[in-house]
Each structure stands twice: as C-alpha cells, then as structure tokens.
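Notes follow once the structure below has been shown.
The values are calculated or read from the model by the stated rules, or taken from the named source; none is laboratory data. Please read these numbers as outputs of a predicted model, since none were measured by experiment. Note: ideal-geometry Cβ built from the backbone for every residue, glycine included; neighbour counts use all protein chains shown.
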Amino acid sequence: MKFKKKIRGTAEKPRLSVFRSNNHIYIQAINDVEGRTILALSTLNKEIGIGDSTTGNCQAAHNIGLAFGKKLIEQKIQKGIFDRNGKLYHGRIKALADGIREAGLII
C-alpha cells in the first residue's frame, strides 16, 4: 500500500516542490499557509547559465539546486521541506537535493 503524507510549508520552512520532465527540472519554494510561491527556478532560466543541450542531466540539476539554495539563503531562509512529488530519490532529484544542501540550506 502507498500512503501519501501531507507536506506543508511555512514562511520560515517552505515546501521545496520539484517537477521533473524529460528535458528540464523545475523547483519552487512554497509557503502553504499563505498559498504563495516564494521563489521558483528551472533549467529554462537564462540567468543560471545552463546551455540548451545540457538541461536534462544531473549536472544541470545540481547547478539549479546550488543557485536555488543560494537565493533562498539570501532571503534569510535556512530550512526547507523537500517534496519530490512521488518521484524516486535518485538521479536528477538527488543531484538537485545535493546542490541545495551544498548551498547551505537544511532539508
């Protein structure tokens, strides 16, 4: 049996929701109490500096995680709840989480 645990984020500890497609990876920091997105990044963002040919690999996911973590630290957010949306903690999802942790965020 599968059980779905309800994950809820706050302003101090937002929910870090991940969506993975074949070509890109997207991540959002969500405050569920107010129902608003604090920060969102993806491999489609031009300011991150990821080339078009390398958006669907683990290195791109790690770079997005690193940039995402740094931006959250700049907003004085130190902790987050990692929501992988039912995907296995493997490959690009794991690389993204490792990048976030490397930036200094606690998940």
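All conditions in (1) closer than 21 Å to LEU105 by Cβ; (2) surrounded by fewer than 13 Cβ atoms within 10 Å (Cβ to Cβ); (3) modelled with pLDDT under 90; (4) β-branched (Val, Ile, Thr) hold for THR54, with the sole exception of (1).
Considering the stretch 1-11, and only residues there that are closer than 24 Å to ALA61 by Cα and either charged (D, E, K, R) or surrounded by fewer than 18 Cβ atoms within 10 Å (Cβ to Cβ) (or both), the residue that is modelled with the highest pLDDT turns out to be ARG8. The set of residues in the stretch 12-41 being loosely packed, with under 13 Cβ neighbours inside 10 Å, part of a loop (DSSP other than H, G, I, E, B) and not hydrophobic (A, V, I, L, M, F, W, C) consists of GLU12, SER21, ASN22, ASN23, GLU34, GLY35.
Listed here are the residues, each with its yes/no results for (1) touching a residue at least 24 places away in the same chain (Cβ under 8 Å); (2) more than 22 Å from LYS5 (Cβ to Cβ); (3) among the aromatic types (Phe, Trp, Tyr).
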site: ASN31; (1), (2), (3): no, no, no
site: THR37; (1), (2), (3): no, no, no
site: CYS58; (1), (2), (3): yes, yes, no
site: ARG84; (1), (2), (3): yes, no, no
site: LEU105; (1), (2), (3): yes, no, no
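Out of the stretch 67-95, which residues are surrounded by 18 or more Cβ atoms within 10 Å (Cβ to Cβ) and aliphatic (A, V, I, L, M)? Scanning the stretch 67-95 gives ALA67, LEU72, ILE77, ILE93, ALA95. All conditions in (1) more than 14 Å from the chain's Cα centre (by Cα); (2) in contact (Cβ under 8 Å) with a residue 24 or more places away in the chain hold for LYS79, with the sole exception of (1).
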